[in-house]
Structure formats: C-alpha cells, structure tokens
Amino acid sequence: MAEQAISLSDWLEGRVAVGLDPALAGLLADIARPCTKIAAEVNRAGLADILGLSGTTNVHGEEVKKLDLYSDQLIIDALRQAGSVCGMASEEDEEIIAPSAAGEQSDYVALFDPLDGSSNIDVNISIGTIFSVFRRLGPRGSAAVLEDFLQPGSAQAAAGYFAYGSSTMLVLSTGDGVDGFTLDPRSGEYLLSHPGIITPARGSIYSCNEGNAWTWDKATRDYVDSLKDPAGGEGRPCSGRYVGSLVADFHRNLLKGGIFLYPAGSKKPGDKPAGKLRLMYEANPMALLAEQAGGSASDGSTRILDLVPSSVHQRTALILGSSDNMAEYRASQK
Ligand code: AHG
Ligand code: MN
Ligand code: MN
C-alpha cells in the first residue's frame, strides 16, 4: 500500500511546527485556492474559443475576460477576502493594490504574475502563475506602501509558481529548500510529489529565444554558440528546449538541470541593452527557487536576489540554472 501522500495543508502544518509563521502558511494556502480555479479555467480555455465565448458575453450574461485578467481578479479577490495581505502588486495592474480592511493587520505583501506565458494560452502549451511574498517593513494596521514592495529578492519570505501543464503543480520555497506538490484533481488537494528538489549541478539543456541573438552582446552570443558546438566544452552539444513560458522552461530545467537565458538586448545601435522579464514577479521568485535548489541566478553581472528595485514593474535580464552551467556562463562573460 503506497504510504499516504502528504497534503499541502499537512506540509504547511509541519513547517509551522518548526517555526514557519502561521500567517505565512495561511497566505500560501490562500494563494493555492484561486490558482486551482485558474487551472480549471486553463483546461477549458480552448473550449471557450470553440464555443465562441471568448470576447463576448457567456451563457450567464457575464463578460468573458482574457485569462490574464480573469486570473488577476481571482487572486486579488481571494487574498482580499482572506485578509492575508496588507497589499498586492500584479503584472496586470499599474498601481499597487489595496488590501481589505482585515488585510491591514497582515504582515505580508504579495506580488504576482497571474498568468505567465499568455502567448501560449491558445496553443495549448503549459502556462503558469508566479508569486513572491515579502514581510512588510512598516508597522501593522494600515495598507502597505510602495517601500514594502521595493525590497531585494533576498528578503522574500516565500516564492513559488503554479504550473498548468499535463498536471497542475505548485513549486514553492519559504527559504528552507524547494518542495513540489501535484494537484489531485479528484480531491482538489495538492499532494507532496517532489520533496526537497535539488537541481542537478550540470544539465545539458539550454533555453533561450535565439531569435533575439542579434540583440545580445558578443560574449553572450559566443557562449550560446559554444553550447551547440560538440567541441565547445563539457556536456556539449547541449539540447535546445524553449517553449516561451518562463514557468514551463524553468520547471523543466529545475528538474533536469541546465541553463535558462533571457539576456539583455539592444535593438538599435547605441541603445542601452534592456531585459524583458520583470524583476519583482518573474526573476526574483525564480531566482529564490533556483538558489534554494542549489543553482544560481544573475542578470548577467549581478546576483538577481541582490538587485535593489526602484519600481514594481522594472525589467531585468535573467540567466539562471544549474551551478556548473552558471559558473561556466559567468567565466564566459569575463
Ligand atoms: P507573460 O505572459 O507573463 O507576459 O510572460 C511571458 C514571458 C515569459 O513567460 C517567457 O519566458 C518570455 O515572456 C518569453 O518571451 P519571448 O516570447 O520574447 O521569448
Ligand atoms: Mn510572465
Ligand atoms: Mn503574465
């Protein structure tokens, strides 16, 4: 008889027993609830298109929203209703989002990319939700202010993602390793399926959008070319794997090992190279997970988790993955 799988709630209880703040445990459970609904909606997104529901009103007379906005609203409403945050920031909302009155007593702010990989929704490729949690800096009792959000990634109290793929998974860290849970659709429970994830020290997978190679600096282009060259170094030639959803590309590389690169690029001579991915709710959470699993994450020169943000929506270059691959990448940039 297979031993009883540990549910997310049991796992959280176990972590609280050894010191995890119960309020943070509750917040993580509060994030899981709307994401389970997003998973269900993702699984019928194609159906909505077939039934011509998308972009019009559905049978209930409700306006059918884009999945990004639908997901955004689900998470905001759930966290407000639970009162588990004193403020939120989302890729889909320019301004920071006020909490409910109850939320003003919370010690935590949440930042999220409610639907990552939007361009893949209607071609049935895995997408996800990414979240990052910080302790507020100021005293309890009022809505969070911008400074509560603009903390370096090393201060994250928790971070993780939901991957809506062949199964729905939650991968998270509260700073004490990385654990993966798989949604059991029958019970609606997340069950611990990947305890203590450690990413391989070296992997043969590299993930990047090579259509952007012309915008990269020479050292980055040469490094990626070396990955494809049988004589280019250890573990060559590597395999290119890139689906264009950060959650999916990151999750595969976390389990199998390798390196993901979204380098800074400049599209016009003289342009300052710029990153595409968002620091606060894409790069920071993934960087925490990468480091907690034994890998590392940089913007090409600086550790992602050391970057001090100046805006909630700022973008960054992101290179992250297995420790040996990352050490080799760093050496190639000298
Ligand atoms: P989002 O859908 O939240 O905007 O994120 C898309 C991001 C990320 O998921 C992915 O790694 C990257 O965009 C892909 O960018 P390209 O299509 O430029 O390769
Ligand atoms: Mn995204
Ligand atoms: Mn998004």
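The values are calculated or read from the model by the stated rules, or taken from the named source; none is laboratory data. Bear in mind that the values here come from a model prediction, so they are computed numbers and not experimental data. Backbone-built Cβ (ideal geometry, glycine too); neighbour counts: all protein chains shown.
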**OP:** Scan the stretch 257-269 and give yes if some residue there is under 23 Å from Ile121 (Cβ atoms) and either in contact with a strand residue (DSSP E or B) (Cβ under 7 Å, 6 or more places away or on another chain) or crowded, with 22+ Cβ neighbours inside 10 Å (or both), otherwise no.
**Re:** yes
Original post:
Within the stretch 262-284, which residues are touching a helix residue (DSSP H, G or I) at 6+ places or on another chain (Cβ under 7 Å), away from ligand 2 (no atom under 12 Å from the Cβ) and outside any loop (DSSP other than H, G, I, E, B)?
Top reply: Gly265, Asn284
Subject >> Single residue of Leu137, Leu150 found to be without any contact (Cβ under 8 Å) to a residue 40 or more places away in the chain and of a type outside the set (Val, Ile, Thr) >> reply: Leu137
**OP:** Scan the stretch 167-225 for residues that are polar (S, T, N, Q) and without any contact (Cβ under 8 Å) to a residue 12 or more places away in the chain and report the count.
**Re:** 1
Subject >> Hey, Asp72 within 16 Å of ligand 2 (Cβ to nearest atom), outside the structural domain of Pro309 (by TED's automatic domain parsing), within 17 Å of Gly128 (Cα to Cα) and assigned to a helix (DSSP H, G or I) or not >> reply: yes
**OP:** Tell me which residues, restricted to the stretch 95-134, are among the charged types (D, E, K, R) and either free of Cβ contacts under 8 Å to residues at least 40 places away in the same chain or within 12 Å of ligand 2 (Cβ to nearest atom) (or both).
**Re:** Glu95, Glu104, Asp113, Asp116
Original post:
Got at least one residue in the stretch 280-296 being closer than 29 Å to Ala39 by Cα and in contact with a Cys (Cβ under 6 Å, 6 or more places away or on another chain)?
Top reply: no
Subject >> Single residue of Ser311, Ser322, Ser301 found to be among the small types (Gly, Ala, Ser), touching a Pro at 6+ places or on another chain (Cβ under 7 Å) and not assigned by TED's automatic domain parsing to the domain that holds Ala89 >> reply: Ser322
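Are any of the residues in the stretch 263-270 of a type in the set (A, V, I, L, M) and within 26 Å of Ile197 (Cα to Cα)?
So the first thing to find is which residues in the stretch 263-270 are of a type in the set (A, V, I, L, M), and the list is 264.
Still in the list and also within 26 Å of Ile197 (Cα to Cα): none.
Taking every residue of the stretch 263-270 in turn, none turns out to be of a type in the set (A, V, I, L, M) and within 26 Å of Ile197 (Cα to Cα).
With within 16 Å of ligand 2 (Cβ to nearest atom), modelled with pLDDT of 95 or more and among the β-branched types (Val, Ile, Thr) as the only criterion, which of Val243, Val224 stands out?
Values: Val224 fails: within 16 Å of ligand 2 (Cβ to nearest atom).
The match here is Val243.
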**OP:** Determine whether Ile125 is at pLDDT 95 or above, closer than 23 Å to Ala283 by Cα, within 16 Å of ligand 3 (Cβ to nearest atom) and not aromatic (Phe, Trp, Tyr).
**Re:** no
Original post:
For the stretch 108-150, which residues satisfy the criterion of being acidic (Asp, Glu) and either surrounded by 22 or more Cβ atoms within 10 Å (Cβ to Cβ) or not in a helix (DSSP H, G or I) (or both)?
Top reply: Asp113, Asp116
Original post:
Going through the stretch 220-233 one residue at a time, which ones are out of contact with any helix residue (DSSP H, G or I) (no Cβ under 6 Å at 6 or more places or on another chain) and not in a loop (DSSP other than H, G, I, E, B)?
Top reply: Thr220, Asp222, Val224, Asp225, Ser226, Leu227
